[in-house]
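Please treat every number below as a calculation from the coordinates, not as lab data. What you see is a predicted model, and the numbers here were worked out from it, not measured in a lab. Glycine gets a Cβ as well: all are built from the backbone with ideal geometry, and neighbour counts include every protein chain shown.
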Amino acid sequence: MWASGREDRAMSAPGFTNLNSSSSSSQDSTPNGGAAPLYQNGPAQTYPYMHTPSGYYGAPPQQQSYPTIPAHSTPAPNKAPIMNRSHSANYYQNNQQHPLPQHHVASSAYSAPPSSAPPSQPYTTLHYSAPPPSNAQFNQQSFQQQNPPYATPGSYCGQQSYHTPPAQHSQQQQQQPSLVPAPAGGPGAPLYPIVSYPSAPRSSHYGTLSSYQSASTLGVLPTQTGAPLHQYSTPRSASTQPGHSVAPSSQPTVNGSTAAQAIVPRHYDQSHQASLSYDSYSGASHSSGGADADRPPSGTPSASVHSSPGHHQGGDTSSSTTGSASPVLNSFDSLEGGSFPDSLPPSSDMTNQAQPYSSYSYPSMQPAYQQRPSSHTESSPSHNQYGQPGYQQYSQPFPSLSQLSAALGGLSGVPELEVEALRPVNLLQERNLLPPRPLEAPEPNLSPDLKKVNCSPQTFRCTLSSIPQTQALLNKARLPLGLLLHPFRDLQQLPVITSNTIVRCRSCRTYINPFITFLDQRRWKCNLCYRVNDVPDEFMYNPVTRSYGEPHKRPEVQNATVEFIASSDYMLRPPQPAVYLFVLDVSHNAVEAGYLKFFCESLLENLDKLPGDTRTRVGFLTFDNTIHFYNLQEGLSQPQMLVVSDIDDVFIPSHDSLMVNLKESKELVQDLLTSLPTMFSQNRETHSALGPALQAAFKLMSPTGGRVTVFQTQLPSLGAGMLQSREDPNQRSSTKGVQHLGPATDFYKKLALDCSGQQIGVDLFLLSSQYADLASLACISKYSAGSIFYYPSFHYIHNPAQLEKFQKDLERYLTRKIGFEAVMRIRCTKGLSIHTFHGNFFVRSTDLLSLANVNPDSAFAVQMSIEDSLADTSLACFQAALLYTSSKGKRRIRVHTLCLPVVNQLSDVYAGADVQAITCLLANMAIDRSISSSLSDARDALVNAVVDLVTAYKSSVSNLQQSGLVVPAALRLFPLYILALLKQKALRTGTSTRLDERVFAMCEFKTQPLQQLMRIVHPDLYRLDNMSEQGALHLNNTVVPQPPLLHLSAERLSRDGAFLMDCGDAFYLWIGKCCNEMFIRDVLGCPSYASVPPNMSHIPELETPLSERVRAFFDWLQDNRAFSSTIHVVKDDASAKATFFQNLVEDRSESASSYSEFLQHVQLQVSK
Amino acid sequence: MILLTIIARIADGLPLAASVQEDEQSGRDLQQYQSQAKQLCRKLNAQSPARCILEAGDMYFHCLIAEDVCYLSLCEASFPKKMAFAYLEDLHTEFHYLYGKKVSTVTRPYSFIEFDTYIQKKKKTYVDNRTRRNLGSINTELQDVQKIMVANIEEVLQRGEALSALDTKASNLSTLSKKYRSDAKYLNTRSMYAKVAAVAVCFITLIIYVRFWWL
């Protein structure tokens, strides 16, 4: 009630509120951007868009959320954010001034459906709301009024929860289980009381969704999808308070508002003194639910994004119809309890716009606005809005919902978020598990301000977004605890800070970050070791605002990802220049494969784009059974080749003329590159002295360090590092253990360690048609922090697809950013310890990763354990600091800080589980296991992970007596992902897999960033021939359709369709036999199915709208990945379709079980 | 042989550019010399002599200060001084021409690291014996090099420490003497009290004596 009182006050002065809202909008931009502009002014090197960074990391989402609401009111899709705000503001005003009318509208919407008995009351309640004193307002008031009648504990809970966060948790959890059983009995019964609140907003969403569906061809979508939505929305509302379906709608708003208010005041007080009551915050956050973080991934932080949500909603309004469609009963229905029919019909009846309002928790927005002015913190508004959208994400199991969420993009967050994440899902009954859009990282349950500044999940992710308090709790959860990092990722905006002193904790050397606490103006408390440190004088000055005495406004404290320009204390030697050495195989085998010509062409093209400055140096070295050096000294008329045939004791023939300054010797380099391919075209030498060549490269590079790029096409057969073929082709498909996954010799590892010590990174391109023992060769890159590329069966004529991939990869490889002589250290809150690292690097001391080179495409994973109880802290923080020398000779430190809540309930741990991160970490662990032990061990361990989880969940959290496989909703995809993992090249058995390909897949697992890895493990499948405009994103004047994700099963394919499978490194466009002629004509440019060429690998640029849409979608998918993927058009009858069908992981393959079989197997194990 | 070249700003010792001799022989531990060079850059100030040579084991640091910038090179002891300073002069001319105006504004260490390219080229010409002969004529004007102060690097690096040691000793001395003085004063007063007391006792005895024996 406290909250409500506050609201009243706020509401009482309508005009005032309006002003606030408008002002708030302006403020919005300032806080986010506030930092930014200043930055520009600021001293040294800051990226122009300072403010964007903040947006990037979370601020933008808030704005987006705003637009969504307005969109409902006025479905104008592409409004600029400001416009949206204004809309909302108007709306607000309207409410206050004419509260009644609007409410009426809303009510009417509901009323229409009410025909069914139960709902009727709710509608009435809505009406009530109008009359109430402050009336103008939104749902909040209505809510208040409603409360008494309903006397639903839930609502109160919600409010209370804000005040005392912990209580909330417990309450929710308790309620949930207890309630759950009831619903099962009767549909009307409230399943999730708490959940119900959110339901109202959702229902509106649903409406939108439904419209979406309706608009889109219904036929396309499986009928189920439509149904689930209904169920979902309806059940929810019903569930909250059986009698009063409407109530929920109002309540959600209340929640939002209360949360916002509760937060705001505190925030206000505390804002100056950082972290105060985290507890209170957390509570609020719970209620409010998810946060902004999801948003950023969508990519373009700015207006375009905003527009998109708006658009979606517009679509939504019309769509409500689907929701009305009677529920197709799934297992879900039974679970949730019946859906209220009444609620559904109304939605359909409603005019689009009207409905959104009524159902919508607009109120939440408004409160945000109101408060916002008063408290300058932005967090509160974002909070409310987010909460609801976040909700949607979780609701994904229901297809219809999923669509909605898709429309809304990454918006997320709601108190019920947790509840939803915990919803027990019976895997044996629910078949539609996939969200409509690729899964986003779960929102950590943090206060909005923390959430706003938290590190992007693309950079830093934890398998458990709620850290268990003790190791015992972690063990009970049976989930791995670890971090997935992508530290050197390409970022669009990054605050760069130049200052003489880099503020760090004096005892643990943690860099100052947004999650520390300022005790007062002069002291700050480290969030990792809790030591109190002094704030240096220099830190008191804020270069962003050019003001003094505001240490908490410094960019270091406002951004979770920052980059410092290091002082000379961080240098052992002057920063090294960018040095690139290319080691090329020119033996007969290589000439046959024909890669040299394409490499030279690509390098020639990108010579100017190699990262570097005027100091950049390059060198070339070729080898067959001898080693050839090239003297490129400036002033020579043409390159001189120096041949060293003594491969047993390699020496460097000349010291200063082999690695030459690129700028000064450019003509010679170009000369060499043009002549190289022909120079060896007649080479008959079949031996390969790779080992000696690498030794020579090491000697050549050791004075400076740098990058060595090795191209190898066969098994090294001469000199040191010589290898034998170990593969037995007959064993390729054996189901028994796979041998020879480890290196045959430690030569490469030793050499790699030497290289690492001299700051040399070795990247390996293996283009081999025969077995080349990648397991041994890969060591040269693994320990020197290099990257590995493998092109099986590469041939420049016979395998154009590989050639194209090679060329594209090479272009990216040559031009991508690079950091030299890097080290990375990961620190975490006292009590947590890191014990295992995954990735390519060398662990120099216990926690220091030595990275001779660091590239933007490699990721790392670490496993952690909890050594001391975290009971005395509510937040756990992780900081990764990467110190590197840029290609321009600048020493920089990139610091990422992630903050996560600590929980003491098992259910909270499950609610915060990040299924993708868990899958990736398990994959890394399985690779280690298969090398150290055996492949079958690793596979068993993966299956056991699922079994353990199900058992643990069954015994501890869910007190449902349900039979079947029950897992929390947050982990509902876990068994599917594990099954997909088991079918990967790296881990599969029984299917013929070349050893090199298997080893390469393992290397990929270790180094690929999470998003990419997940696409490899579980490709995204879309249907392309009937994409609709509904839910499309509008980016930069192009419309990007957003078809829903499909399960990877052949039953989802149909002969009359065209399906796109996004495997991360390749797109497969599968064309059904009876595919729509129009699609083939408009997109592929072929008159008929029969005329589609068998090896088509591009989408022609046609002027048809369908083609434009498809290409826009491709471009959009392509946009945020580093290496461009090749497109393969697969005809149903083509031989290439095997690869396509191999990726349908839910189906049974020749040697692996289908998804349902897998589940049954798991169930069998569990019941044992 | 010129092993190491560092260009630093005098005002705060910020390194601006550097070049490290890179060849197989650099196996010898340059690390220690590098850190010495860094310390040296910090110690030097505007009052330091414009040219000096510092011994560091079997190496010499040649140091040239001009226009607020310090040019420092590490050479083997056998490397002619003339050549070393000619080399530094050369660097100075070029560096000042290229970056002279920007020197005072930069904040990042090694801001002009690209000057490395030039340094390496120059180094090559000076180290190469054949070209060195040709340079001989130019270097005759550098006769005054002979007068350059030679000091041991340890001394320079530790001079400050010695001074501070002296300072502490002196302050110790003064506190001690102060203590001595107060002690002396105290003793004086004590002895005075004793004297007064003795006199008083005599006097009283006299009075008593007079009182009882005379009356």
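DSSP bridge analysis restricted to the range A:517-670 gives an antiparallel fraction near 70%, rounded to the nearest 5.
With a cut-off of 14 Å between beta carbons, the residues surrounding B:Tyr99 carry a summed charge of -1, where Lys and Arg count +1 and Asp and Glu -1. At a Cα cut-off below 16 Å, give the aspartates and glutamates reachable from A:Lys890, other chains included and same-chain residues fewer than 8 away excluded. Output for A:Lys890: A:Glu563, A:Asp569, A:Asp613, A:Glu821, B:Glu114, B:Asp116. Close amide H pairs (under 5 Å, H built 1.01 Å from N) link A:Leu1048 with A:Glu1146, residues at least 5 positions away or on another chain.
Legend: residue pairs A:Lys750/B:Lys121; B:Lys101/B:Lys124; A:Lys663/A:Lys749; A:Lys888/B:Lys124; A:Lys699/B:Lys123; A:Lys817/B:Lys43, Cα-Cα distance threshold 30 Å; pairs beyond threshold, A:Lys750/B:Lys121; A:Lys663/A:Lys749; A:Lys817/B:Lys43. Each peptide in A:672-685, A:615-628, B:80-93 receives the mean, over its residues, of other Cβ atoms within 10 Å, and ordering these scores from highest gives A:615-628, B:80-93, A:672-685.
Taking amide H as placed 1.01 Å from N in the peptide plane, A:Val1039 has no amide H partner under 5 Å among residues 5 or more places away or on another chain. Summing charges over all other residues whose Cβ lies under 12 Å from the Cβ of A:Pro856, with Lys and Arg as +1 and Asp and Glu as -1, gives +4.
Around the Cα centre of the range B:162-215, unit charges on the Cβ atoms of Lys, Arg, Asp and Glu (plus for the first two, minus for the last two) sum to a dipole of about 40 debye. The C-alpha radius of gyration of the range A:1030-1086, expressed as a fraction of 2.2 N^0.38 Å, stands at 1.28. Within a straight-line Cα-Cα reach of under 21 Å, A:Lys452 can be paired with the following lysines, leaving aside sequence neighbours fewer than 8 residues apart in one chain: A:Lys525, A:Lys553. Taking K and R as +1 and D and E as -1, what net charge do the other residues with C-beta under 13 Å from the C-beta of A:Tyr771 add up to? Residues close to A:Tyr771 contribute a combined charge of -1. Most simply put, the range A:1019-1144 has about 70% antiparallel DSSP beta bridges, counting only bridges with both residues inside it. Counting Cβ atoms of other protein chains within 10 Å of each Cβ in A:562-568 and taking the mean gives 3. The separation of the range A:643-694 from the range A:487-565, counted between C-alpha centres, amounts to 48 Å. Listed by chain and number, the lysines whose alpha-carbon sits under 25 Å from that of A:Lys1131, ignoring those within fewer than 8 places in the same chain, are A:Lys805, A:Lys808, A:Lys983, A:Lys985, A:Lys1073. As a length-normalised measure over Cα pairs under 8 Å and 6 or more apart, the relative contact order of the range A:426-573 settles at 21 percent.
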